[in-house]
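Taking it in order: structure first as C-alpha coordinates, then the write-up.
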Amino acid sequence: MSDKKKLYIRTYGCQMNVYDSERMAEALGADGYVETDTPDDADMILMNTCHIREKAAEKVYSELGRFKGLKAENPDLKIGVAGCVAQAEGEEIMRRQPMVDLVVGPQTYHRLPEMMEQVAKGEKALDTDFPEEDKFEHLPKLRRQKAKRNPTAFLTVQEGCDKFCAFCVVPYTRGAEVSRPVERILREARDLVERGVREITLLGQNVNAYHGAGPDGDWSLAKLIWALDEVDGLERIRFTTSHPNDMTDDLIEAHGTCKKLMPYLHLPVQSGSDKILKRMNRSHTAESYLRLIERIREARPDILISGDFIVGFPEEDDQDFEDTMNLIREVNYGQAYSFKYSSRPGTPAAERALVDDAAATDRLHRLQALLTEQQRAVQSAMVGQEVGVLFEKKGRFEGQMVGKSDHLHAVHVQSDAPVGALRRVKIVESRTNSLKGELLD
Ligand code: SAH
Ligand code: SF4
Ligand code: F3S
(Lines give C-alpha, C1' and ligand atoms only; values in the text may rest on other atoms or scores of the structure.)
(Ligands and ions follow the chains in the order given, each with its own letter.)
Protein backbone atom coordinates (compact mmCIF):
# COMPACT_ATOMS: atom_id res chain seq x y z
CA MET A 1 0.00 0.00 0.00
CA SER A 2 1.28 3.37 -0.94
CA ASP A 3 1.09 6.14 1.62
CA LYS A 4 0.49 8.71 -1.12
CA LYS A 5 -2.71 10.66 -0.73
CA LYS A 6 -5.23 10.12 -3.51
CA LEU A 7 -6.76 12.95 -5.52
CA TYR A 8 -9.93 12.59 -7.58
CA ILE A 9 -10.70 15.41 -10.00
CA ARG A 10 -13.97 15.72 -11.88
CA THR A 11 -14.00 18.19 -14.76
CA TYR A 12 -17.00 19.95 -16.29
CA GLY A 13 -17.28 22.64 -18.96
CA CYS A 14 -14.89 23.68 -21.70
CA GLN A 15 -11.43 22.52 -22.78
CA MET A 16 -9.85 25.20 -20.66
CA ASN A 17 -11.18 23.43 -17.59
CA VAL A 18 -9.56 20.21 -18.86
CA TYR A 19 -6.26 22.07 -19.13
CA ASP A 20 -6.72 23.66 -15.69
CA SER A 21 -7.50 20.28 -14.11
CA GLU A 22 -4.18 18.95 -15.41
CA ARG A 23 -2.39 21.96 -13.90
CA MET A 24 -4.18 21.51 -10.55
CA ALA A 25 -3.27 17.81 -10.51
CA GLU A 26 0.37 18.82 -11.07
CA ALA A 27 0.22 21.46 -8.33
CA LEU A 28 -1.24 18.98 -5.85
CA GLY A 29 1.10 16.28 -7.18
CA ALA A 30 4.02 18.37 -5.97
CA ASP A 31 2.21 18.28 -2.63
CA GLY A 32 2.20 14.47 -2.51
CA TYR A 33 -1.10 13.63 -4.17
CA VAL A 34 -1.51 11.02 -6.89
CA GLU A 35 -4.57 10.92 -9.13
CA THR A 36 -7.18 8.21 -8.81
CA ASP A 37 -10.06 7.58 -11.17
CA THR A 38 -12.75 6.98 -8.59
CA PRO A 39 -14.05 9.19 -5.77
CA ASP A 40 -14.57 6.12 -3.54
CA ASP A 41 -11.02 5.80 -2.21
CA ALA A 42 -9.99 9.45 -2.58
CA ASP A 43 -8.48 11.60 0.19
CA MET A 44 -9.35 14.72 -1.77
CA ILE A 45 -12.15 15.33 -4.26
CA LEU A 46 -11.88 18.37 -6.48
CA MET A 47 -14.75 19.46 -8.72
CA ASN A 48 -13.66 21.72 -11.56
CA THR A 49 -16.94 23.37 -12.45
CA CYS A 50 -18.74 25.27 -15.23
CA HIS A 51 -21.20 28.13 -14.80
CA ILE A 52 -22.19 28.70 -18.42
CA ARG A 53 -25.79 27.45 -18.17
CA GLU A 54 -28.06 26.91 -15.19
CA LYS A 55 -28.02 23.12 -15.59
CA ALA A 56 -24.21 23.05 -15.49
CA ALA A 57 -24.13 25.01 -12.24
CA GLU A 58 -26.90 23.03 -10.55
CA LYS A 59 -25.17 19.75 -11.37
CA VAL A 60 -22.36 20.77 -9.03
CA TYR A 61 -24.69 20.90 -6.06
CA SER A 62 -26.35 17.58 -6.82
CA GLU A 63 -22.92 15.94 -7.24
CA LEU A 64 -21.72 17.44 -3.96
CA GLY A 65 -24.78 15.98 -2.31
CA ARG A 66 -23.68 12.54 -3.50
CA PHE A 67 -20.25 12.94 -1.90
CA LYS A 68 -21.84 13.51 1.52
CA GLY A 69 -21.96 9.77 2.15
CA LEU A 70 -18.25 9.41 1.39
CA LYS A 71 -17.43 12.16 3.83
CA ALA A 72 -19.53 10.46 6.52
CA GLU A 73 -17.50 7.26 6.02
CA ASN A 74 -14.17 9.07 5.90
CA PRO A 75 -14.12 12.28 7.95
CA ASP A 76 -10.58 13.02 6.70
CA LEU A 77 -11.83 13.32 3.13
CA LYS A 78 -11.37 16.86 1.79
CA ILE A 79 -13.74 18.33 -0.76
CA GLY A 80 -12.87 21.27 -2.99
CA VAL A 81 -14.76 23.24 -5.63
CA ALA A 82 -12.76 24.95 -8.38
CA GLY A 83 -13.59 26.60 -11.69
CA CYS A 84 -16.31 28.97 -12.79
CA VAL A 85 -19.02 28.09 -10.24
CA ALA A 86 -16.40 28.63 -7.53
CA GLN A 87 -15.65 32.06 -9.00
CA ALA A 88 -19.29 33.05 -9.43
CA GLU A 89 -20.69 31.76 -6.14
CA GLY A 90 -17.72 31.78 -3.76
CA GLU A 91 -18.76 31.47 -0.14
CA GLU A 92 -22.34 30.69 -1.12
CA ILE A 93 -21.11 27.18 -1.99
CA MET A 94 -19.98 26.55 1.58
CA ARG A 95 -23.27 27.90 2.87
CA ARG A 96 -25.26 25.52 0.67
CA GLN A 97 -22.89 22.58 1.19
CA PRO A 98 -21.07 23.00 4.53
CA MET A 99 -18.96 19.90 3.93
CA VAL A 100 -17.01 21.76 1.24
CA ASP A 101 -13.52 22.54 2.61
CA LEU A 102 -12.07 24.60 -0.19
CA VAL A 103 -13.26 26.98 -2.92
CA VAL A 104 -10.76 28.16 -5.51
CA GLY A 105 -11.35 30.31 -8.60
CA PRO A 106 -9.83 29.78 -12.06
CA GLN A 107 -7.19 32.48 -11.54
CA THR A 108 -5.87 31.41 -8.13
CA TYR A 109 -5.34 27.67 -8.27
CA HIS A 110 -1.55 28.09 -8.16
CA ARG A 111 -2.18 28.86 -4.49
CA LEU A 112 -3.71 25.41 -3.91
CA PRO A 113 -0.77 23.99 -1.89
CA GLU A 114 -1.03 26.81 0.69
CA MET A 115 -4.79 26.46 0.75
CA MET A 116 -4.38 22.74 1.43
CA GLU A 117 -2.21 23.54 4.45
CA GLN A 118 -5.08 25.58 5.83
CA VAL A 119 -7.52 22.76 5.12
CA ALA A 120 -5.21 20.24 6.81
CA LYS A 121 -5.50 22.34 9.98
CA GLY A 122 -9.25 21.93 9.81
CA GLU A 123 -9.92 25.42 8.48
CA LYS A 124 -11.95 26.38 5.42
CA ALA A 125 -10.04 27.89 2.50
CA LEU A 126 -11.49 30.29 -0.06
CA ASP A 127 -9.69 32.24 -2.78
CA THR A 128 -11.49 33.82 -5.72
CA ASP A 129 -9.18 36.78 -6.37
CA PHE A 130 -8.08 38.05 -9.74
CA PRO A 131 -4.40 38.39 -8.79
CA GLU A 132 -1.75 40.40 -10.62
CA GLU A 133 0.73 37.53 -10.87
CA ASP A 134 0.64 34.99 -13.70
CA LYS A 135 -0.69 31.75 -12.21
CA PHE A 136 1.12 29.66 -14.83
CA GLU A 137 4.48 31.03 -13.68
CA HIS A 138 3.65 30.40 -10.04
CA LEU A 139 2.43 26.85 -10.36
CA PRO A 140 4.46 24.33 -8.40
CA LYS A 141 5.82 21.85 -10.93
CA LEU A 142 5.99 18.12 -10.52
CA ARG A 143 9.43 16.50 -10.80
CA ARG A 144 8.20 13.77 -13.09
CA GLN A 145 7.55 16.52 -15.66
CA LYS A 146 9.14 14.51 -18.45
CA ALA A 147 6.54 11.77 -18.17
CA LYS A 148 5.16 10.57 -21.51
CA ARG A 149 1.95 12.20 -22.68
CA ASN A 150 -0.82 11.42 -25.12
CA PRO A 151 -0.18 12.62 -28.67
CA THR A 152 -2.67 15.50 -28.35
CA ALA A 153 -2.59 18.28 -25.78
CA PHE A 154 -4.23 21.58 -24.93
CA LEU A 155 -2.17 24.68 -24.27
CA THR A 156 -3.80 27.82 -22.85
CA VAL A 157 -2.45 30.96 -24.56
CA GLN A 158 -5.15 33.48 -23.71
CA GLU A 159 -7.72 33.69 -20.98
CA GLY A 160 -10.70 35.78 -20.07
CA CYS A 161 -12.92 37.93 -22.23
CA ASP A 162 -13.73 41.60 -22.71
CA LYS A 163 -16.58 41.09 -25.17
CA PHE A 164 -19.46 40.95 -22.68
CA CYS A 165 -22.03 39.18 -24.83
CA ALA A 166 -25.31 39.90 -23.04
CA PHE A 167 -25.97 36.23 -22.14
CA CYS A 168 -22.50 35.14 -21.03
CA VAL A 169 -20.86 34.65 -17.61
CA VAL A 170 -17.32 34.17 -18.89
CA PRO A 171 -16.14 37.81 -18.54
CA TYR A 172 -17.19 37.58 -14.87
CA THR A 173 -15.86 34.11 -14.06
CA ARG A 174 -12.61 34.25 -16.01
CA GLY A 175 -11.98 37.97 -15.78
CA ALA A 176 -10.44 40.38 -18.27
CA GLU A 177 -8.71 39.20 -21.38
CA VAL A 178 -5.04 38.31 -20.77
CA SER A 179 -2.52 36.81 -23.22
CA ARG A 180 0.48 34.75 -22.08
CA PRO A 181 3.92 35.84 -23.31
CA VAL A 182 5.21 34.15 -26.47
CA GLU A 183 8.39 32.68 -24.96
CA ARG A 184 6.53 30.83 -22.19
CA ILE A 185 4.10 29.34 -24.66
CA LEU A 186 6.91 28.17 -26.93
CA ARG A 187 8.73 26.69 -23.95
CA GLU A 188 5.63 24.79 -22.90
CA ALA A 189 5.04 23.61 -26.49
CA ARG A 190 8.61 22.29 -26.83
CA ASP A 191 8.27 20.52 -23.50
CA LEU A 192 5.02 18.88 -24.64
CA VAL A 193 6.64 17.71 -27.87
CA GLU A 194 9.57 16.21 -25.92
CA ARG A 195 7.01 14.23 -23.98
CA GLY A 196 5.41 12.75 -27.08
CA VAL A 197 2.81 15.35 -28.04
CA ARG A 198 2.26 15.66 -31.82
CA GLU A 199 -0.77 17.95 -31.89
CA ILE A 200 -1.38 21.07 -29.83
CA THR A 201 -4.69 22.89 -29.53
CA LEU A 202 -4.15 26.48 -28.44
CA LEU A 203 -6.85 27.51 -26.02
CA GLY A 204 -8.48 30.79 -25.16
CA GLN A 205 -12.01 32.00 -24.46
CA ASN A 206 -11.22 34.42 -27.26
CA VAL A 207 -8.13 32.78 -28.65
CA ASN A 208 -7.92 34.79 -31.86
CA ALA A 209 -7.78 38.01 -29.83
CA TYR A 210 -4.37 36.75 -28.65
CA HIS A 211 -1.80 39.57 -28.39
CA GLY A 212 0.97 38.20 -26.18
CA ALA A 213 4.29 39.92 -25.57
CA GLY A 214 6.93 38.69 -28.01
CA PRO A 215 10.62 39.54 -28.38
CA ASP A 216 9.69 42.41 -30.72
CA GLY A 217 6.39 43.73 -29.39
CA ASP A 218 2.98 42.09 -29.23
CA TRP A 219 2.38 39.04 -31.40
CA SER A 220 -0.87 38.05 -33.08
CA LEU A 221 -2.19 34.49 -32.94
CA ALA A 222 -1.07 33.99 -36.56
CA LYS A 223 2.48 34.97 -35.67
CA LEU A 224 2.44 32.57 -32.73
CA ILE A 225 1.19 29.79 -35.01
CA TRP A 226 4.06 30.44 -37.43
CA ALA A 227 6.55 30.17 -34.56
CA LEU A 228 4.98 26.86 -33.50
CA ASP A 229 5.18 25.71 -37.11
CA GLU A 230 8.97 25.72 -36.63
CA VAL A 231 8.91 23.40 -33.62
CA ASP A 232 10.37 20.09 -34.82
CA GLY A 233 8.27 17.10 -33.94
CA LEU A 234 5.06 19.10 -33.66
CA GLU A 235 2.87 17.95 -36.53
CA ARG A 236 -0.47 19.65 -36.03
CA ILE A 237 -1.77 22.95 -34.66
CA ARG A 238 -5.37 23.84 -33.82
CA PHE A 239 -6.94 26.68 -31.85
CA THR A 240 -10.26 27.34 -30.16
CA THR A 241 -12.52 29.34 -29.51
CA SER A 242 -12.56 32.26 -31.90
CA HIS A 243 -14.76 35.33 -32.15
CA PRO A 244 -15.76 36.47 -35.65
CA ASN A 245 -14.58 40.03 -34.97
CA ASP A 246 -11.02 38.91 -34.26
CA MET A 247 -10.50 36.84 -37.43
CA THR A 248 -7.63 38.96 -38.73
CA ASP A 249 -6.23 38.82 -42.27
CA ASP A 250 -2.98 37.15 -41.18
CA LEU A 251 -4.93 34.39 -39.41
CA ILE A 252 -7.13 33.75 -42.44
CA GLU A 253 -4.03 33.65 -44.61
CA ALA A 254 -2.31 31.20 -42.26
CA HIS A 255 -5.16 28.77 -42.89
CA GLY A 256 -4.16 28.75 -46.53
CA THR A 257 -0.39 28.62 -46.13
CA CYS A 258 0.58 26.97 -42.82
CA LYS A 259 0.77 23.21 -43.40
CA LYS A 260 0.60 22.33 -39.72
CA LEU A 261 -2.52 24.41 -39.12
CA MET A 262 -5.43 22.00 -39.48
CA PRO A 263 -8.44 22.70 -41.74
CA TYR A 264 -10.95 23.13 -38.93
CA LEU A 265 -12.33 26.34 -37.48
CA HIS A 266 -14.73 26.76 -34.58
CA LEU A 267 -16.35 30.12 -35.21
CA PRO A 268 -19.51 30.61 -33.15
CA VAL A 269 -22.16 32.94 -34.57
CA GLN A 270 -24.93 32.35 -31.93
CA SER A 271 -27.76 33.67 -34.14
CA GLY A 272 -28.51 34.53 -37.76
CA SER A 273 -30.79 37.47 -36.92
CA ASP A 274 -29.24 40.94 -36.84
CA LYS A 275 -31.87 42.08 -34.36
CA ILE A 276 -30.90 39.32 -31.93
CA LEU A 277 -27.16 39.66 -32.59
CA LYS A 278 -27.46 43.31 -31.64
CA ARG A 279 -29.36 42.51 -28.45
CA MET A 280 -26.71 39.87 -27.69
CA ASN A 281 -24.04 42.56 -28.03
CA ARG A 282 -22.18 40.39 -30.53
CA SER A 283 -21.05 43.37 -32.68
CA HIS A 284 -21.13 41.42 -35.94
CA THR A 285 -24.01 40.87 -38.37
CA ALA A 286 -25.19 37.73 -40.13
CA GLU A 287 -23.89 39.21 -43.39
CA SER A 288 -20.44 40.09 -42.03
CA TYR A 289 -20.16 36.56 -40.64
CA LEU A 290 -21.10 35.01 -43.98
CA ARG A 291 -18.55 37.18 -45.85
CA LEU A 292 -15.94 36.12 -43.34
CA ILE A 293 -16.69 32.43 -43.89
CA GLU A 294 -16.41 33.07 -47.62
CA ARG A 295 -12.94 34.58 -47.23
CA ILE A 296 -11.79 31.75 -44.98
CA ARG A 297 -12.98 29.21 -47.54
CA GLU A 298 -11.18 31.06 -50.29
CA ALA A 299 -7.97 30.69 -48.28
CA ARG A 300 -8.62 27.03 -47.39
CA PRO A 301 -11.39 25.48 -49.51
CA ASP A 302 -11.66 22.20 -47.55
CA ILE A 303 -11.88 23.84 -44.11
CA LEU A 304 -14.53 22.38 -41.83
CA ILE A 305 -16.57 25.07 -40.09
CA SER A 306 -17.97 24.50 -36.63
CA GLY A 307 -20.26 26.80 -34.64
CA ASP A 308 -22.29 27.51 -31.52
CA PHE A 309 -25.93 28.57 -31.44
CA ILE A 310 -28.28 29.89 -28.80
CA VAL A 311 -32.02 29.61 -29.46
CA GLY A 312 -34.75 31.31 -27.47
CA PHE A 313 -32.75 34.40 -26.56
CA PRO A 314 -35.12 37.09 -25.15
CA GLU A 315 -37.28 38.62 -27.91
CA GLU A 316 -36.35 35.99 -30.51
CA ASP A 317 -39.45 35.56 -32.71
CA ASP A 318 -40.23 33.08 -35.49
CA GLN A 319 -38.64 35.29 -38.14
CA ASP A 320 -35.41 35.66 -36.13
CA PHE A 321 -35.28 31.91 -35.81
CA GLU A 322 -35.84 31.43 -39.55
CA ASP A 323 -32.95 33.86 -40.15
CA THR A 324 -30.74 31.56 -38.07
CA MET A 325 -31.91 28.51 -40.03
CA ASN A 326 -31.10 30.33 -43.28
CA LEU A 327 -27.64 31.27 -42.09
CA ILE A 328 -27.00 27.63 -41.18
CA ARG A 329 -28.13 26.57 -44.67
CA GLU A 330 -25.72 29.05 -46.23
CA VAL A 331 -22.71 28.08 -44.11
CA ASN A 332 -23.14 24.29 -44.10
CA TYR A 333 -21.60 23.34 -40.75
CA GLY A 334 -19.46 20.24 -40.31
CA GLN A 335 -19.86 20.37 -36.54
CA ALA A 336 -21.93 22.46 -34.11
CA TYR A 337 -23.08 22.94 -30.54
CA SER A 338 -26.50 24.39 -29.84
CA PHE A 339 -28.19 25.41 -26.63
CA LYS A 340 -31.47 26.74 -25.37
CA TYR A 341 -30.89 30.14 -23.83
CA SER A 342 -30.29 29.93 -20.09
CA SER A 343 -30.68 33.09 -18.06
CA ARG A 344 -27.56 33.75 -15.97
CA PRO A 345 -27.67 35.96 -12.87
CA GLY A 346 -25.55 39.08 -13.22
CA THR A 347 -25.53 39.17 -17.02
CA PRO A 348 -27.37 42.01 -18.85
CA ALA A 349 -29.81 39.64 -20.59
CA ALA A 350 -30.96 38.22 -17.25
CA GLU A 351 -33.19 41.28 -16.85
CA ARG A 352 -35.16 40.54 -20.02
CA ALA A 353 -38.35 38.55 -20.50
CA LEU A 354 -37.90 34.94 -21.58
CA VAL A 355 -39.49 33.56 -24.73
CA ASP A 356 -42.06 30.81 -24.32
CA ASP A 357 -40.22 27.67 -23.23
CA ALA A 358 -42.15 25.27 -25.46
CA ALA A 359 -41.44 27.47 -28.49
CA ALA A 360 -37.74 27.60 -27.61
CA THR A 361 -37.59 23.80 -27.21
CA ASP A 362 -39.31 23.32 -30.54
CA ARG A 363 -36.86 25.68 -32.25
CA LEU A 364 -33.90 23.89 -30.67
CA HIS A 365 -35.11 20.54 -32.01
CA ARG A 366 -35.58 21.92 -35.53
CA LEU A 367 -32.19 23.60 -35.47
CA GLN A 368 -30.47 20.48 -34.19
CA ALA A 369 -32.13 18.34 -36.86
CA LEU A 370 -30.76 20.63 -39.57
CA LEU A 371 -27.28 20.71 -38.03
CA THR A 372 -27.20 16.93 -37.66
CA GLU A 373 -28.21 16.53 -41.30
CA GLN A 374 -25.38 18.86 -42.35
CA GLN A 375 -22.81 17.15 -40.13
CA ARG A 376 -23.71 13.73 -41.57
CA ALA A 377 -23.50 15.03 -45.14
CA VAL A 378 -20.12 16.70 -44.51
CA GLN A 379 -18.83 13.50 -42.94
CA SER A 380 -20.16 11.30 -45.78
CA ALA A 381 -18.53 13.60 -48.32
CA MET A 382 -15.16 12.56 -46.85
CA VAL A 383 -15.53 9.09 -48.39
CA GLY A 384 -12.97 8.71 -51.17
CA GLN A 385 -10.77 11.51 -49.79
CA GLU A 386 -7.21 11.22 -48.53
CA VAL A 387 -6.52 12.71 -45.11
CA GLY A 388 -3.96 12.59 -42.33
CA VAL A 389 -4.93 10.61 -39.22
CA LEU A 390 -3.09 10.94 -35.91
CA PHE A 391 -3.44 7.68 -33.97
CA GLU A 392 -4.62 8.33 -30.40
CA LYS A 393 -5.42 4.87 -29.10
CA LYS A 394 -6.06 1.23 -29.97
CA GLY A 395 -9.49 0.40 -31.38
CA ARG A 396 -11.91 -2.22 -30.14
CA PHE A 397 -10.77 -4.81 -32.69
CA GLU A 398 -7.44 -6.59 -33.10
CA GLY A 399 -4.95 -4.47 -35.06
CA GLN A 400 -7.25 -1.45 -35.18
CA MET A 401 -6.20 2.11 -34.36
CA VAL A 402 -8.42 5.12 -33.72
CA GLY A 403 -7.43 8.70 -34.34
CA LYS A 404 -8.59 12.07 -35.59
CA SER A 405 -8.47 13.23 -39.18
CA ASP A 406 -7.21 16.68 -40.17
CA HIS A 407 -10.88 17.77 -40.05
CA LEU A 408 -11.27 16.33 -36.54
CA HIS A 409 -13.41 13.35 -37.55
CA ALA A 410 -12.83 10.13 -35.60
CA VAL A 411 -11.32 7.53 -37.96
CA HIS A 412 -10.83 3.76 -37.49
CA VAL A 413 -7.91 2.23 -39.39
CA GLN A 414 -6.33 -1.26 -39.51
CA SER A 415 -2.68 -0.60 -38.75
CA ASP A 416 0.17 -1.85 -36.59
CA ALA A 417 1.60 1.67 -36.25
CA PRO A 418 1.84 2.90 -32.64
CA VAL A 419 -0.12 5.58 -30.80
CA GLY A 420 1.30 8.94 -31.90
CA ALA A 421 1.85 7.89 -35.54
CA LEU A 422 0.49 10.25 -38.19
CA ARG A 423 -0.51 8.37 -41.35
CA ARG A 424 -2.04 9.17 -44.74
CA VAL A 425 -5.37 7.40 -44.94
CA LYS A 426 -8.04 6.99 -47.58
CA ILE A 427 -11.58 7.27 -46.19
CA VAL A 428 -13.67 4.31 -47.35
CA GLU A 429 -16.83 4.44 -45.25
CA SER A 430 -18.90 6.87 -43.16
CA ARG A 431 -20.62 5.52 -40.04
CA THR A 432 -22.86 7.27 -37.51
CA ASN A 433 -20.13 8.96 -35.47
CA SER A 434 -16.93 7.98 -37.19
CA LEU A 435 -15.20 7.19 -40.46
CA LYS A 436 -13.41 4.07 -41.63
CA GLY A 437 -10.10 4.51 -43.41
CA GLU A 438 -7.41 2.45 -45.13
CA LEU A 439 -3.69 3.12 -44.91
CA LEU A 440 -2.12 4.70 -47.96
CA ASP A 441 1.52 4.35 -46.95
N1 SAH B 1 -15.81 32.04 -25.98
C2 SAH B 1 -16.69 31.35 -26.77
C3 SAH B 1 -17.81 30.66 -26.07
C4 SAH B 1 -17.83 30.40 -24.64
S5 SAH B 1 -19.23 29.63 -24.01
C6 SAH B 1 -17.28 32.29 -27.76
O7 SAH B 1 -17.18 33.47 -27.65
O8 SAH B 1 -17.95 31.83 -28.67
C9 SAH B 1 -19.64 28.37 -25.15
C10 SAH B 1 -21.00 28.52 -25.75
O11 SAH B 1 -21.99 28.41 -24.76
C12 SAH B 1 -21.26 29.86 -26.39
O13 SAH B 1 -20.71 29.96 -27.67
C14 SAH B 1 -22.75 29.91 -26.39
O15 SAH B 1 -23.29 29.34 -27.56
C16 SAH B 1 -23.15 29.07 -25.19
N17 SAH B 1 -23.67 29.90 -24.11
C18 SAH B 1 -23.01 30.86 -23.42
N19 SAH B 1 -23.83 31.44 -22.51
C20 SAH B 1 -25.04 30.84 -22.65
C21 SAH B 1 -26.31 31.01 -22.02
N22 SAH B 1 -26.49 31.92 -21.08
N23 SAH B 1 -27.33 30.22 -22.41
C24 SAH B 1 -27.16 29.27 -23.37
N25 SAH B 1 -25.99 29.09 -24.00
C26 SAH B 1 -24.94 29.84 -23.66
FE1 SF4 C 1 -18.82 34.82 -23.70
FE2 SF4 C 1 -19.11 36.41 -25.78
FE3 SF4 C 1 -16.79 36.35 -24.47
FE4 SF4 C 1 -17.54 34.28 -25.94
S5 SF4 C 1 -17.10 36.35 -26.69
S6 SF4 C 1 -16.69 34.20 -23.88
S7 SF4 C 1 -19.74 34.24 -25.67
S8 SF4 C 1 -18.72 37.06 -23.66
FE1 F3S D 1 -17.87 26.87 -18.37
FE2 F3S D 1 -16.12 28.51 -17.34
FE3 F3S D 1 -15.52 27.17 -19.54
S4 F3S D 1 -18.28 28.82 -17.41
S5 F3S D 1 -17.51 26.96 -20.52
S6 F3S D 1 -15.90 26.30 -17.55
S7 F3S D 1 -14.95 29.25 -19.06
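The values are calculated or read from the model by the stated rules, or taken from the named source; none is laboratory data. Quantities reported herein were computed from a predicted structural model and do not represent experimental measurements. Glycine gets a Cβ as well: all are built from the backbone with ideal geometry, and neighbour counts include every protein chain shown. Surface accessibility is based on the protein's heavy atoms, side chains included, excluding ligands, DNA and RNA. Shrake-Rupley method; radii C 1.70, N 1.55, O 1.52, S 1.80 Å.
Measuring between their Cα centroids, the range 221-282 and the range 370-441 lie 23 Å from each other.
Surface composition of the chain: carbon plus sulfur atoms hold 48% of the accessible area, using a 1.4 angstrom probe and ignoring ligands, DNA and RNA. Which of the three applies to the range 107-216, rounded, prolate or oblate, going by the alpha-carbon gyration tensor with a ≥ b ≥ c and a/c under 1.5 meaning rounded? It comes out oblate by the Cα gyration axes.
For the range 388-401, putting each phi into the Karplus relation 6.51 cos²θ - 1.76 cosθ + 1.60 with θ = phi - 60° gives couplings of x, 10, 9, 6, 9, 6, 6, x, 6, 9, 3, x, 9, 10 Hz, in residue order, rounded to whole numbers and with x for Gly and Pro. Listed by chain and number, the lysines placed with their C-alpha closer than 23 angstrom to that of K278 are K163, K340; residues fewer than eight positions away on the same chain are left out. Close amide H contacts of F154 (hydrogens built in the peptide plane, cut-off under 5 Å, sequence separation of 5 or more or a different chain): T201.
A cut-off of 5 Å between modelled amide H atoms, ignoring neighbours fewer than 5 places along the same chain, links L126 with V103. Remark: relative contact order (the chain) = 10 percent; criterion is Cα-Cα distance under 8 angstrom and separation of 6 or more residues. Annotation for the range 51-93 versus the range 152-195: alpha-carbon center distance of 25 Å. Under 11 Å from a label point set 7 Å out along the Cα-to-Cβ vector of S343, the amide N atoms of the range 309-326 belong to 314. A full extension of the chain between R431 and R190 corresponds to an added length of 83.1 nm, given 0.36 nm per residue minus the alpha carbon distance. Phi angles of the range 433-441 translate, via the Karplus equation with coefficients 6.51, -1.76, 1.60 and θ = phi - 60°, into HN-Hα couplings of 10, 7, 10, 10, x, 10, 4, 9, 10 Hz per residue; Gly and Pro are given as x.
Here the chain is scanned for chymotrypsin sites (Phe, Trp or Tyr not before Pro) in DSSP loops (not H, G, I, E, B) that have at most 16 other Cβ atoms within 10 Å, and the longest stretch holding none of them is 165-396. What the Cβ-Cβ distance of N150 and K278 gives, at R0 = 51 Å and to the nearest 0.05, is a FRET efficiency of 0.75. Were the residues from E22 through R329 laid out at 0.36 nm apart, the gain over their Cα-Cα distance would be 106.7 nm. GNM on the chain, alpha-carbon springs under 10 angstrom: the most fluctuating residue among L367, L186, L390 is L186. Hydrophobic, long helices, defined as DSSP H runs whose alpha-carbon span along the helix axis is 30 Å or greater and whose mean Kyte-Doolittle value is at least 0.5, do not occur in the chain. The fraction of Cα-Cα pairs per 20 angstrom bin, counted from 0 for the chain, comes to 23, 56, 21, 0 percent, rounded to whole percents.
Quote the FRET efficiency, to the nearest 0.05, computed for D218 versus E35 with a Förster distance R0 of 35 Å and r equal to the Cβ-Cβ distance. Between D218 and E35 the formula returns 0.40. Over the chain, accessible surface divided per residue gives 45 Å², non-protein components excluded, 1.4 Å probe.
Subtracting the Cα-Cα distance of E287 and A176 from 0.36 nm times their residue separation leaves 37.1 nm of extension gain. Among the listed pairs K275/K404; K68/K148; K223/K393; K71/K121, those whose Cα-Cα separation exceeds 27 Å are K275/K404; K68/K148; K223/K393. Taking a point 7 Å from the Cα of K55 along the Cα-to-Cβ direction, the residues of the range 323-339 with backbone N closer than 17 Å to it are 336-339.
Over the range 135-381, the ratio between the Cα radius of gyration and 2.2 N^0.38 Å evaluates to 1.08. In order along the range 311-317, the Karplus-derived 3J(HN,Hα) couplings, from 6.51 cos²θ - 1.76 cosθ + 1.60 at θ = phi - 60°, round to 10, x, 5, x, 6, 6, 10 Hz, and Gly and Pro are given as x. Whole-percent P(r), the range 5-127, all Cα pairs, 10 Å bins from 0: 14, 52, 32, 2.
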